[in-house]
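Here is the structure we will look at, set down as C-alpha coordinates.
The values are calculated or read from the model by the stated rules, or taken from the named source; none is laboratory data. All values derive from a computational prediction rather than experimental measurement. Please note: Cβ atoms are built from the backbone with ideal geometry, for glycine as well, and neighbour counts cover all protein chains shown.
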Amino acid sequence: MNETLRTRDCDKVLLVQAEFDGELDAAEAATLAAHRQHCPACQAAAAALQRARLLMDGGLYEPAPDDVRRRVMARLAAAQPPAPAPLWALRSRMRAWWSAGIGFGLGAACAAALALLIIAPSGPDPTQELVASHIRALQPGHLEDVVSTDRHTVKPWFDGRLDFAPPVKDLKNEGFPLKGGRLDYVDGRPVAALVYQRDKHIIDLYIWPGVLVGGRLPPTAEYHGYNIVHWRWGGMTFWAVSDVEPAQLSDFAQAWQRAL
(Lines give C-alpha, C1' and ligand atoms only; values in the text may rest on other atoms or scores of the structure.)
Protein backbone atom coordinates (compact mmCIF):
# COMPACT_ATOMS: atom_id res chain seq x y z
CA MET A 1 0.00 0.00 0.00
CA ASN A 2 1.25 3.46 -0.80
CA GLU A 3 3.16 5.17 1.99
CA THR A 4 0.59 7.97 2.08
CA LEU A 5 -1.92 5.52 3.54
CA ARG A 6 0.20 4.72 6.61
CA THR A 7 -1.59 5.75 9.76
CA ARG A 8 1.45 7.60 11.07
CA ASP A 9 1.00 10.20 8.29
CA CYS A 10 -2.34 11.35 9.74
CA ASP A 11 -4.20 10.29 12.86
CA LYS A 12 -7.53 10.68 11.02
CA VAL A 13 -6.81 8.35 8.09
CA LEU A 14 -8.71 5.42 9.66
CA LEU A 15 -11.77 7.67 9.89
CA VAL A 16 -11.80 7.65 6.09
CA GLN A 17 -12.56 3.90 6.20
CA ALA A 18 -15.20 4.50 8.89
CA GLU A 19 -16.82 7.17 6.70
CA PHE A 20 -16.75 4.80 3.71
CA ASP A 21 -18.57 2.18 5.83
CA GLY A 22 -21.22 4.71 6.88
CA GLU A 23 -20.15 4.72 10.54
CA LEU A 24 -19.84 8.50 10.98
CA ASP A 25 -22.75 10.74 11.81
CA ALA A 26 -23.41 13.87 9.77
CA ALA A 27 -21.33 16.18 12.00
CA GLU A 28 -18.33 13.82 12.10
CA ALA A 29 -18.51 13.28 8.34
CA ALA A 30 -18.63 17.03 7.66
CA THR A 31 -15.61 17.61 9.93
CA LEU A 32 -13.67 14.88 8.15
CA ALA A 33 -14.61 16.30 4.74
CA ALA A 34 -13.21 19.71 5.72
CA HIS A 35 -10.02 18.08 7.04
CA ARG A 36 -9.58 15.91 3.95
CA GLN A 37 -9.50 18.93 1.65
CA HIS A 38 -6.07 19.80 3.08
CA CYS A 39 -4.74 16.32 3.95
CA PRO A 40 -2.95 14.34 1.19
CA ALA A 41 -2.90 11.17 3.31
CA CYS A 42 -6.68 11.16 3.79
CA GLN A 43 -7.22 12.07 0.14
CA ALA A 44 -5.06 9.11 -0.90
CA ALA A 45 -6.93 6.79 1.47
CA ALA A 46 -10.28 7.89 0.06
CA ALA A 47 -9.01 7.39 -3.50
CA ALA A 48 -7.78 3.87 -2.65
CA LEU A 49 -11.14 2.94 -1.15
CA GLN A 50 -12.90 4.34 -4.19
CA ARG A 51 -10.71 2.20 -6.48
CA ALA A 52 -11.47 -0.87 -4.38
CA ARG A 53 -15.23 -0.15 -4.60
CA LEU A 54 -14.99 0.16 -8.38
CA LEU A 55 -13.17 -3.16 -8.56
CA MET A 56 -15.91 -4.76 -6.49
CA ASP A 57 -18.54 -3.30 -8.81
CA GLY A 58 -17.04 -5.43 -11.54
CA GLY A 59 -16.07 -2.71 -14.02
CA LEU A 60 -12.34 -3.61 -13.76
CA TYR A 61 -12.82 -7.18 -12.55
CA GLU A 62 -10.20 -9.77 -13.41
CA PRO A 63 -10.22 -13.25 -11.84
CA ALA A 64 -7.45 -13.80 -9.32
CA PRO A 65 -4.93 -16.62 -10.02
CA ASP A 66 -5.78 -19.87 -8.28
CA ASP A 67 -2.71 -19.79 -6.04
CA VAL A 68 -3.51 -16.23 -4.87
CA ARG A 69 -7.15 -17.20 -4.24
CA ARG A 70 -6.05 -20.22 -2.18
CA ARG A 71 -3.68 -18.08 -0.08
CA VAL A 72 -6.33 -15.42 0.55
CA MET A 73 -9.01 -17.95 1.46
CA ALA A 74 -6.58 -19.86 3.68
CA ARG A 75 -5.69 -16.63 5.46
CA LEU A 76 -9.35 -15.82 5.96
CA ALA A 77 -10.06 -19.32 7.27
CA ALA A 78 -7.13 -19.12 9.68
CA ALA A 79 -8.40 -15.79 10.98
CA GLN A 80 -11.82 -17.22 11.82
CA PRO A 81 -12.24 -18.04 15.55
CA PRO A 82 -14.59 -20.85 16.68
CA ALA A 83 -17.34 -18.26 17.26
CA PRO A 84 -18.02 -15.33 14.92
CA ALA A 85 -15.60 -12.52 15.61
CA PRO A 86 -17.00 -9.10 16.54
CA LEU A 87 -17.35 -6.77 13.58
CA TRP A 88 -14.88 -4.29 15.06
CA ALA A 89 -12.25 -7.03 15.33
CA LEU A 90 -12.61 -8.06 11.68
CA ARG A 91 -12.45 -4.46 10.52
CA SER A 92 -9.39 -3.72 12.67
CA ARG A 93 -7.68 -6.78 11.21
CA MET A 94 -8.32 -5.57 7.68
CA ARG A 95 -7.01 -2.09 8.51
CA ALA A 96 -3.88 -3.64 10.00
CA TRP A 97 -3.20 -5.47 6.75
CA TRP A 98 -3.58 -2.21 4.82
CA SER A 99 -1.29 -0.31 7.19
CA ALA A 100 1.37 -3.04 6.94
CA GLY A 101 1.77 -2.24 3.25
CA ILE A 102 0.79 -5.68 1.91
CA GLY A 103 0.72 -5.56 -1.91
CA PHE A 104 -0.13 -7.95 -4.70
CA GLY A 105 -0.40 -7.66 -8.49
CA LEU A 106 -3.61 -6.81 -10.30
CA GLY A 107 -5.05 -10.25 -9.68
CA ALA A 108 -4.22 -10.05 -5.99
CA ALA A 109 -5.78 -6.60 -5.82
CA CYS A 110 -9.01 -8.14 -7.07
CA ALA A 111 -8.69 -10.91 -4.49
CA ALA A 112 -8.13 -8.33 -1.76
CA ALA A 113 -11.20 -6.46 -2.95
CA LEU A 114 -13.13 -9.73 -2.74
CA ALA A 115 -11.86 -10.28 0.81
CA LEU A 116 -12.91 -6.75 1.76
CA LEU A 117 -16.37 -7.44 0.36
CA ILE A 118 -16.62 -10.63 2.47
CA ILE A 119 -15.30 -9.14 5.71
CA ALA A 120 -16.61 -5.59 5.75
CA PRO A 121 -20.29 -4.69 5.40
CA SER A 122 -21.42 -2.86 2.30
CA GLY A 123 -22.04 0.86 2.54
CA PRO A 124 -25.41 2.05 3.77
CA ASP A 125 -28.41 1.67 1.52
CA PRO A 126 -28.91 5.17 0.01
CA THR A 127 -32.65 5.01 0.70
CA GLN A 128 -31.98 4.37 4.38
CA GLU A 129 -29.41 7.17 4.55
CA LEU A 130 -31.70 9.68 2.84
CA VAL A 131 -34.74 8.79 4.93
CA ALA A 132 -32.66 9.03 8.11
CA SER A 133 -31.45 12.48 7.03
CA HIS A 134 -35.01 13.56 6.26
CA ILE A 135 -36.26 12.40 9.67
CA ARG A 136 -33.41 14.21 11.46
CA ALA A 137 -34.25 17.39 9.56
CA LEU A 138 -37.86 17.24 10.72
CA GLN A 139 -36.74 17.73 14.32
CA PRO A 140 -37.33 21.30 15.57
CA GLY A 141 -34.67 23.73 14.37
CA HIS A 142 -33.05 21.37 11.84
CA LEU A 143 -35.17 21.81 8.72
CA GLU A 144 -33.69 24.94 7.14
CA ASP A 145 -30.42 26.84 7.37
CA VAL A 146 -31.86 29.54 5.13
CA VAL A 147 -35.59 30.25 5.41
CA SER A 148 -37.06 31.86 2.31
CA THR A 149 -39.69 31.30 -0.36
CA ASP A 150 -37.57 33.25 -2.86
CA ARG A 151 -35.25 31.10 -4.97
CA HIS A 152 -33.07 34.16 -5.60
CA THR A 153 -32.36 34.21 -1.86
CA VAL A 154 -31.94 30.45 -1.38
CA LYS A 155 -29.64 29.80 -4.36
CA PRO A 156 -26.97 32.45 -3.49
CA TRP A 157 -26.93 31.20 0.12
CA PHE A 158 -25.16 28.03 -1.04
CA ASP A 159 -22.32 30.00 -2.70
CA GLY A 160 -19.05 29.26 -0.91
CA ARG A 161 -20.67 26.53 1.19
CA LEU A 162 -20.61 23.85 -1.52
CA ASP A 163 -18.27 23.04 -4.41
CA PHE A 164 -21.17 23.20 -6.86
CA ALA A 165 -24.17 25.47 -7.52
CA PRO A 166 -27.45 23.62 -6.94
CA PRO A 167 -30.38 24.59 -9.17
CA VAL A 168 -33.26 26.09 -7.18
CA LYS A 169 -36.78 26.28 -8.61
CA ASP A 170 -40.00 27.88 -7.37
CA LEU A 171 -42.92 25.45 -7.62
CA LYS A 172 -45.55 27.51 -5.82
CA ASN A 173 -47.85 27.56 -8.85
CA GLU A 174 -47.66 23.76 -9.02
CA GLY A 175 -48.67 23.40 -5.37
CA PHE A 176 -45.18 22.78 -3.93
CA PRO A 177 -43.97 26.10 -2.47
CA LEU A 178 -40.30 26.52 -1.60
CA LYS A 179 -39.58 26.95 2.12
CA GLY A 180 -35.78 27.25 2.18
CA GLY A 181 -32.69 25.09 2.17
CA ARG A 182 -29.88 23.64 4.25
CA LEU A 183 -26.55 21.86 4.03
CA ASP A 184 -26.61 18.12 4.58
CA TYR A 185 -24.21 15.19 4.22
CA VAL A 186 -25.04 12.19 2.01
CA ASP A 187 -23.03 9.58 0.09
CA GLY A 188 -19.80 10.74 1.74
CA ARG A 189 -20.01 14.40 0.73
CA PRO A 190 -21.76 17.69 1.56
CA VAL A 191 -24.97 18.16 -0.43
CA ALA A 192 -27.71 20.74 -0.92
CA ALA A 193 -31.12 20.02 0.57
CA LEU A 194 -33.98 22.15 -0.74
CA VAL A 195 -37.14 22.18 1.36
CA TYR A 196 -40.55 22.23 -0.29
CA GLN A 197 -44.04 21.82 1.16
CA ARG A 198 -47.20 20.03 0.08
CA ASP A 199 -50.12 20.94 2.34
CA LYS A 200 -48.77 19.94 5.79
CA HIS A 201 -46.11 17.61 4.39
CA ILE A 202 -42.43 18.43 3.91
CA ILE A 203 -40.51 17.35 0.81
CA ASP A 204 -36.70 17.32 1.01
CA LEU A 205 -34.91 17.49 -2.34
CA TYR A 206 -31.26 16.40 -2.04
CA ILE A 207 -28.91 17.51 -4.82
CA TRP A 208 -25.26 16.82 -5.57
CA PRO A 209 -23.07 16.31 -8.68
CA GLY A 210 -22.70 12.93 -10.32
CA VAL A 211 -24.29 9.69 -9.17
CA LEU A 212 -24.07 7.38 -6.19
CA VAL A 213 -21.14 4.95 -6.26
CA GLY A 214 -22.37 1.52 -7.27
CA GLY A 215 -25.73 2.95 -8.03
CA ARG A 216 -28.00 1.35 -10.60
CA LEU A 217 -30.99 2.28 -8.48
CA PRO A 218 -34.72 2.34 -9.22
CA PRO A 219 -36.34 5.74 -9.86
CA THR A 220 -38.81 5.23 -7.00
CA ALA A 221 -38.58 3.49 -3.65
CA GLU A 222 -40.27 3.26 -0.25
CA TYR A 223 -38.66 2.86 3.14
CA HIS A 224 -40.45 2.77 6.50
CA GLY A 225 -43.43 4.69 5.20
CA TYR A 226 -41.40 7.36 3.38
CA ASN A 227 -41.45 7.63 -0.40
CA ILE A 228 -38.43 8.41 -2.56
CA VAL A 229 -38.10 9.55 -6.18
CA HIS A 230 -34.71 9.64 -7.88
CA TRP A 231 -33.66 11.26 -11.16
CA ARG A 232 -30.61 12.75 -12.87
CA TRP A 233 -30.39 16.02 -14.75
CA GLY A 234 -27.62 18.35 -15.89
CA GLY A 235 -24.81 16.23 -14.45
CA MET A 236 -26.43 16.08 -11.01
CA THR A 237 -28.41 13.53 -9.05
CA PHE A 238 -31.69 14.38 -7.32
CA TRP A 239 -33.50 12.56 -4.52
CA ALA A 240 -36.91 13.71 -3.30
CA VAL A 241 -37.97 12.25 0.08
CA SER A 242 -41.32 12.75 1.81
CA ASP A 243 -44.26 11.05 3.48
CA VAL A 244 -46.67 12.34 0.82
CA GLU A 245 -48.41 9.77 -1.37
CA PRO A 246 -46.18 8.25 -4.10
CA ALA A 247 -48.28 9.83 -6.86
CA GLN A 248 -47.88 13.30 -5.32
CA LEU A 249 -44.13 12.87 -4.98
CA SER A 250 -43.93 11.78 -8.62
CA ASP A 251 -45.96 14.89 -9.53
CA PHE A 252 -43.42 16.98 -7.61
CA ALA A 253 -40.51 15.40 -9.50
CA GLN A 254 -42.20 15.97 -12.85
CA ALA A 255 -43.10 19.56 -11.97
CA TRP A 256 -39.51 20.23 -10.88
CA GLN A 257 -38.11 18.87 -14.14
CA ARG A 258 -40.55 20.91 -16.23
CA ALA A 259 -39.95 24.19 -14.37
CA LEU A 260 -37.41 26.70 -15.62
Scan the range 126-147 for residues that are buried (at least 16 other Cβ atoms within 10 Å of the Cβ) and either in contact with a Ser or Thr (Cβ under 8 Å, 6 or more places away or on another chain) or part of a loop (DSSP other than H, G, I, E, B) (or both) and jot them down. H134, L143, E144, D145, V146
When (1) closer than 23 Å to G188 by Cα; (2) at pLDDT 70 or above; (3) part of a helix (DSSP H, G or I) are applied to G22, the one that fails is (3)
Which residue pairs have Cβ atoms closer than 8 Å, lie 6 or more positions apart in sequence or on different chains, and pair a first residue in the range 137-148 that is more than 20 Å from V186 (Cβ to Cβ) with a second residue that is surrounded by 13 or more Cβ atoms within 10 Å (Cβ to Cβ) and aliphatic (A, V, I, L, M)? S148/V154; S148/L178
Of all residues in the range 244-260 being under 16 Å from A193 (Cβ atoms) and of a type outside the set (F, W, Y), which is surrounded by the most Cβ atoms within 10 Å (Cβ to Cβ)? L249
